[in-house]
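K.L.:
This is the structure I want to talk about, given as structure tokens.
The values are calculated or read from the model by the stated rules, or taken from the named source; none is laboratory data. Keep in mind that this is a model prediction, so the values were computed, not measured. Ideal geometry is used to build each Cβ from the backbone, glycine not excepted, and the neighbour counts take in all protein chains shown.
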Amino acid sequence: MLLYLCTASVVFALGKVHARYIGGYDYTGSFRFAWSFAYVGLLCLAAYGVGLPDLARTWKVALVSALVAIGAAALGISALQLLVGSAQLPRFVVFGAALALVPIYLALSVVSAGGRAREEERDRVVLVGRPDEASSLRDELAHEPEQGAAIVATLGVEEARSLEVRVKPLVESVIRERATVIVLDRDAQADESIVAQAATLHEHGVRIRTLTLFYDEWLGKLPIAELERVSLMFDIGEIHQARYGRVKRMVDVMVGVVGLLALVVVTPVVLVGNLIANRGSLLYRQARVGRNGRLFEIVKFRTMRAGGEGSDWTDEHDPRVTPFGRWLRRTHLDELAQALNILRGDLSIVGPRPEQPRYVEELVQKIPFYDLRHRVRPGLTGWAQVKYAYGGSESDAMEKLQYEFFYLRHQSLSLDLRILGRTVRSVIGRRGR
């Protein structure tokens, strides 16, 4: 938020200076004021897209990211004004803001990095559970968690259990490690002596979480071991909140109309690309499983060589993908044809990714609660896509299911907007798929 406020302050301040001391005009009463809003929007979008201020881990990465974001926004606003044939925003504002914002973005990124370090130090976790659970949690916390934390100690159930009145292993561990959060797995929750120690610590300000709740709050997913247990223990927005479902469908239709207009513009470009480097049909159609298990035909621009599309799992470096198709995938233009599916009601903008019927049949047999993801309309983008790297295997499907259950559990317009924002970051930063 501070980055956005600083961006707007710098652009509007320079606009005011130019109007008063250079141009001699009323800034707020001119078209230049409206163009300032456009420039602020481009700067904020570009900064968020390259990962500022929160994803830059070092000051060098932050500096390069700031230069890329500001340069892209300056070129974008210049190209936009050239396109409309009216240079309403003065170069003084465009390039002055670019120069002023580089050190500001760099400073905010350094502050953000310090905040992450303080957050990890503040949320010091003692896990009462199995060693493999601790190892998994450490890996998860090292990979872009929703909240930073550090596991400072792990106790098995036997180690944490209090066998004597004066011996309280869990309490001693928390005091020794200066822990602020205790996480209890299922076995630990069933042990009365461990729960009693946790209750005492809770009275003194230590937060207590089950393994499921810790995954939910800190990692934005649900643990595999708990999926079946919690699969019925939450409301789903599209099923249990009628107003949310209606508003979401209205938004889908509006975005679908915009996507259809973009599809009309992009299709000639893809046609030419196909003729040169991707000969074959323009569109690729494939059966997918939709809401309530209904089959529908998804539509995309073809990215594989003619005859190469099959039903096998695909991966990021699939040899069947042509060079032009790989460009379509990197830019996500191959997904644009799905505006047709959105308007037909097959897809939503946000939701679980639609899978092929044969894989759904396999996964339903292996994961009894897998079919719950089909209670809502599948999406063009989703929480699993923005949180998990590209993957097309059974293990990847299981990993993504943990994020999809988080989405089902928290489905709301605010989460949908959050996912759309991260999708923009993924597309600009070429992360995810």
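K.L.:
Consider only pairs whose beta carbons are under 9 Å apart and that are at least six residues apart or on different chains; among these, list those whose first residue lies in region 103-132 and is under 25 Å from CYS44 (Cα atoms) and whose second residue is among the charged types (D, E, K, R).
P.N.:
SER109/ASP54; SER112/ASP54; ALA113/ASP54; ALA113/ARG57; GLY115/ASP54; ARG116/ASP54; ARG116/ARG57
One line per residue, one yes/no per condition, for (1) at pLDDT 95 or above; (2) in the same structural domain as LEU372 (by TED's automatic domain parsing); (3) within 29 Å of GLY115 (Cβ to Cβ):
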position	(1), (2), (3)
ALA150	no, no, yes
THR154	yes, no, yes
ILE208	yes, no, yes
SER231	no, no, no
TYR244	no, yes, no
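K.L.:
Something else: Mind checking which residues of region 340-381 are under 13 Å from ILE298 (Cβ atoms), of a type in the set (Lys, Arg) and not in a loop (DSSP other than H, G, I, E, B)?
P.N.:
Listed by number, the list holds a single entry, ARG344.
K.L.:
Can you confirm whether region 60-76 contains a residue that is within 19 Å of SER112 (Cα to Cα) and either among the charged types (D, E, K, R) or touching a strand residue (DSSP E or B) at 6+ places or on another chain (Cβ under 8 Å) (or both)?
P.N.:
yes
K.L.:
Kindly indicate which of ASP216, ASP235, ASP187, ASP252 is assigned to a helix (DSSP H, G or I), more than 28 Å from ASP334 (Cα to Cα) and within 25 Å of the chain's Cα centre (by Cα).
P.N.:
ASP216
K.L.:
I'd like to verify a number: residues in region 45-66 that are farther than 14 Å from LEU106 by Cα and at pLDDT 90 or above, how many?
P.N.:
2
K.L.:
Okay, next question. Would you mind stating whether ALA134 is at pLDDT below 95 and farther than 30 Å from THR210 by Cα?
P.N.:
No; evaluated as a whole, the condition is false for this residue.
K.L.:
Can you report the number of residues in region 339-375 which are more than 21 Å from MET250 (Cβ to Cβ) and in contact with a Phe, Trp or Tyr (Cβ under 6 Å, 6 or more places away or on another chain)?
P.N.:
2
Condition check ((1) in contact with a Lys or Arg (Cβ under 7 Å, 6 or more places away or on another chain); (2) farther than 30 Å from VAL157 by Cα; (3) of a type in the set (S, T, N, Q)) across all residues:
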| residue | (1), (2), (3) |
| --- | --- |
| THR58 | no, yes, yes |
| ALA66 | no, yes, no |
| GLY71 | no, yes, no |
| LEU99 | no, yes, no |
| VAL102 | no, yes, no |
| VAL110 | no, yes, no |
| ASP123 | no, no, no |
| SER135 | no, no, yes |
| ASP139 | no, no, no |
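Conditions (1) within 30 Å of MET254 (Cα to Cα); (2) at pLDDT below 90, marked per residue:
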residue: ASP315; (1), (2): no, yes
residue: ARG330; (1), (2): yes, yes
residue: ALA337; (1), (2): yes, no
residue: TYR407; (1), (2): yes, no
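K.L.:
If you don't mind, another one. Could you grab the pairs with beta carbons closer than 8 Å, sequence gap of 6+ or different chains, first residue in region 360-387 and basic (Lys, Arg), second one in a strand (DSSP E or B)?
P.N.:
What qualifies is ARG377/SER348.
K.L.:
Additional query: Report, by residue number, each residue of region 160-179 that is surrounded by fewer than 16 Cβ atoms within 10 Å (Cβ to Cβ), in contact (Cβ under 8 Å) with a residue 24 or more places away in the chain and at negative phi.
P.N.:
LEU163, GLU177
K.L.:
Out of (1) in contact with a Lys or Arg (Cβ under 6 Å, 6 or more places away or on another chain); (2) under 23 Å from VAL424 (Cα atoms), the odd one out for THR322 is which?
P.N.:
Checking THR322 against (1) in contact with a Lys or Arg (Cβ under 6 Å, 6 or more places away or on another chain); (2) under 23 Å from VAL424 (Cα atoms), the one that fails is (2).
K.L.:
Looking at region 352-367, can you tell me whether even one residue there is assigned by TED's automatic domain parsing to the domain that holds SER412, surrounded by fewer than 21 Cβ atoms within 10 Å (Cβ to Cβ) and on the phi > 0 side of the Ramachandran plot?
P.N.:
no
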